[in-house]
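Down below is the structure, laid out as C-alpha cells.
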Amino acid sequence: MPIQRGYRQGCGVARGLDLVGERWALLIVRELLLGPKRFTDLRAGLPGASPNALTDRLRELSDAGVLLRRKLPPPSASWVYELTAWGRDLEPIVLALGTWALRADPSPEQTFVSLDSLMLTLRTYYSEPGSAVPGPSATLRVRLRRDGDSDEQVFGVWLREGAADIRHQEPDHPDATITTDIETLMNALGAPDELATIPNDRLDIEGDPAVIRRLLAGIRLPEPPPIEKPATRPHPHPRQ
C-alpha cells in the first residue's frame, strides 16, 4: 500500500489499518470468509461499492497478501478471489468488530444485509443451550436469494459438536434443504415456529424439517449493554 496513504506509525494497530483500513476492505474480507467469489458476486454483496473502488481494494489486498485471485478448474473455469491463510486470520477480528458494533443503533440507511453476512450471523451465534451433550451431527443445504431475485446462492451447513460450520459448498447428502429469501430467513432466526406461518412461495423445505428447526432455534443474538453516553450540557449562548 503506498506510504503516503499510511499512518506512518509502527504499532500493530496502525500497521493493520494500513493494510485493511481503506473503505470496503474489511467488507471484502467479510464476503470471502465463507469461500471464494467472483467479482460479480462481490459486487452483489457490496452494492454501494463502485467497480473502480472494488477493483482498487482487491488489488491492494492482493498485493498485501490478504487475498489471491485464481482460476477454478473446469467446467467452471471462472476467476475467483479467495482469502489466503493469513487473510483468514482476520475472521475473529471481523466478527468481534461486528459484535461490538451491535451496541450502536443502526441509522435509517443501514438496511442492506448481504447473503454472506446473514450466513455468517448463523455461524457466529449458533449454539445448543440447555444440554451438556450436543445433538447429533446433521447437514443442511441452504438456497438463499434476495426477495424478488431469482438468482440463488447455495450454502452448506454442518451441525456438529454444538457449532454450525457454514461454507459456500454443496453438501453431498444433506439431511434437509431450505429454499427461501433472506428476509424470510432473518425473521425466522431464533423463532422456528415462524416457519408454519410462511407461505409456500417464500419457503420450500425438503428432507427433515426438524434439522432446520434445530438450526433456527439455536441462533442466539447477543444483547449487549447500552452505550453509556455522557449527559448533555446546554450550549452556551453566543456572545452578542
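Points worth noting:
- DSSP beta bridges confined to region 115-217 are antiparallel in about 75 percent of cases.
- With 0.36 nm allotted per residue and the present C-alpha distance subtracted, the Trp79-Arg160 stretch has 26.0 nm of extension available.
- A simple packing score, the average count of other Cβ atoms within 10 Å per residue, orders the peptides 9-20, 86-97 as 86-97, 9-20, with the highest score first.
- Positive minus negative residues near Pro171 (Lys, Arg vs Asp, Glu; Cβ under 11 Å): -2
- Taking the Cα atoms of region 1-129, the ratio Rg/Rh between the radius of gyration and the Kirkwood radius comes to 0.98.
- The length gained by stretching the chain between Ala196 and Ala104 to full extension, at 0.36 nm per residue less their Cα-Cα distance, is 29.9 nm.
- Every Cα-Cα pair of the chain was included, and the share exceeding 24 Å stands at 54 percent.
- The chain: calculated mean residue ellipticity at 222 nm from DSSP helix runs of at least 4, using -39500 (n - 2.57): -9000 deg cm²/dmol
- Solvent-free Debye scattering, log10 I(q)/I(0), computed from the Cα coordinates of region 11-72 at q = 0.15, 0.27 Å⁻¹: -0.43, -1.29
- Sites Thr179 and Trp86 - FRET efficiency at Förster radius 22 Å, r taken between beta-carbons, to 0.05: 0.05
- The stretch between Arg8 and Arg70, if pulled fully straight at 0.36 nm per residue, gains 19.1 nm over its current Cα-Cα span.
- Inter-centroid distance (Cα atoms) of region 131-181 relative to region 10-49, Å: 24
- Sequence-separation-based contact order of region 115-217, relative, with Cα cut under 8 Å and 6+ spacing, percent: 26
- Evaluating 6.51 cos²θ - 1.76 cosθ + 1.60 at θ = phi - 60° for every residue in region 150-155, the Karplus couplings come out as 7, 6, 10, 10, 10, 10 Hz, glycine and proline recorded as x.
- Highest GNM mean-square fluctuation among Asp56, Asp181, Asp172, for the chain modelled with Cα contacts below 10 Å: Asp172.
Rule-based calculations on the coordinates, nothing more; no lab input. It should be emphasised that the depicted structure is a prediction, and the values quoted were computed from it without experimental measurement. Backbone-built Cβ (ideal geometry, glycine too); neighbour counts: all protein chains shown.
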